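Trainee: This is the structure I want to talk about, given as structure tokens.
The values are calculated or read from the model by the stated rules, or taken from the named source; none is laboratory data. Because the structure is a prediction, the values reported are computed rather than measured. Every residue, glycine among them, receives a Cβ derived from its backbone with ideal geometry; neighbour counts consider all protein chains shown. Accessible surface areas use protein heavy atoms only, side chains included; no ligands, DNA or RNA. Shrake-Rupley method; radii C 1.70, N 1.55, O 1.52, S 1.80 Å.
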Amino acid sequence: CRDSKGKPHVFGSEWKTDDCLDCSCSRGGISCCTSFATPADYDKEKCMSIFNKEICTYKVVEKNDHSKECPVKGWVG
């Protein structure tokens, strides 16, 4: 299997991409899926979501004060 960057992977191997996708290689090809949950139900007028690529998680904070987290009622992924 060759990933989107052209890097070869052996059958049965698994890896995480720079974009936080969990991928695997089989004889059928490459399969990738998200390894994180995305916030879906929160006050989008008052708050914003910020993705941290280093730890593959979202944080939902107030737009005017990023030190204050906002409650999230629902996540998808």
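Trainee: Can you name the residue in the range 25-40 that is touching a Phe, Trp or Tyr at 6+ places or on another chain (Cβ under 8 Å) and without any contact (Cβ under 8 Å) to a residue 40 or more places away in the chain and is also nearest to T57 (Cα to Cα) among such residues? Break it down stepwise before answering.
Mentor: Kept after step one, since they are touching a Phe, Trp or Tyr at 6+ places or on another chain (Cβ under 8 Å), are these residues of the range 25-40: 25-27, 36-40.
So of that shortlist, the ones also without any contact (Cβ under 8 Å) to a residue 40 or more places away in the chain come out as 25-27, 38-40.
Values: C25: 24, S26: 27, R27: 31, T38: 8, P39: 10, A40: 13 Å.
Restricting to residues being touching a Phe, Trp or Tyr at 6+ places or on another chain (Cβ under 8 Å) and without any contact (Cβ under 8 Å) to a residue 40 or more places away in the chain, the top hit is T38.
Trainee: Right, next: For G28, only one of the following conditions fails: (1) among the small types (G, A, S); (2) under 30 Å from C1 (Cβ atoms); (3) open to solvent by less than 60 Å² (accessible area, probe 1.4 Å). What is its number?
Mentor: (3)
Trainee: What residue, among those in the range 53-67 that are open to solvent by less than 90 Å² (accessible area, probe 1.4 Å), modelled with pLDDT of 95 or more and not hydroxyl-bearing (S, T, Y), is farthest from S35 (Cα to Cα)?
Mentor: Checking each candidate, the answer is D65.
Trainee: For the range 1-25, name all the residues that are surrounded by 14 or more Cβ atoms within 10 Å (Cβ to Cβ) and more than 11 Å from the chain's Cα centre (by Cα).
Mentor: Passing the criteria: C1, D3, H9, W15, C23, S24, C25.
Trainee: Next question. Given the conditions (1) assigned by the TED database to the domain that holds V10; (2) part of a loop (DSSP other than H, G, I, E, B), and given that S24 satisfies all but one, which numbered condition is not satisfied?
Mentor: With (1) assigned by the TED database to the domain that holds V10; (2) part of a loop (DSSP other than H, G, I, E, B) applied to S24, the lone miss is (2).
Trainee: If you don't mind, another one. Any residue at all in the range 43-63 that's part of a loop (DSSP other than H, G, I, E, B) and among the small types (G, A, S)? Break it down into steps so the answer makes sense when it comes.
Mentor: Pass one, the range 43-63, residues part of a loop (DSSP other than H, G, I, E, B): 43-46, 53-56, 63.
Checking which are among the small types (G, A, S) leaves us with none.
Within the range 43-63, not a single residue is part of a loop (DSSP other than H, G, I, E, B) and among the small types (G, A, S).
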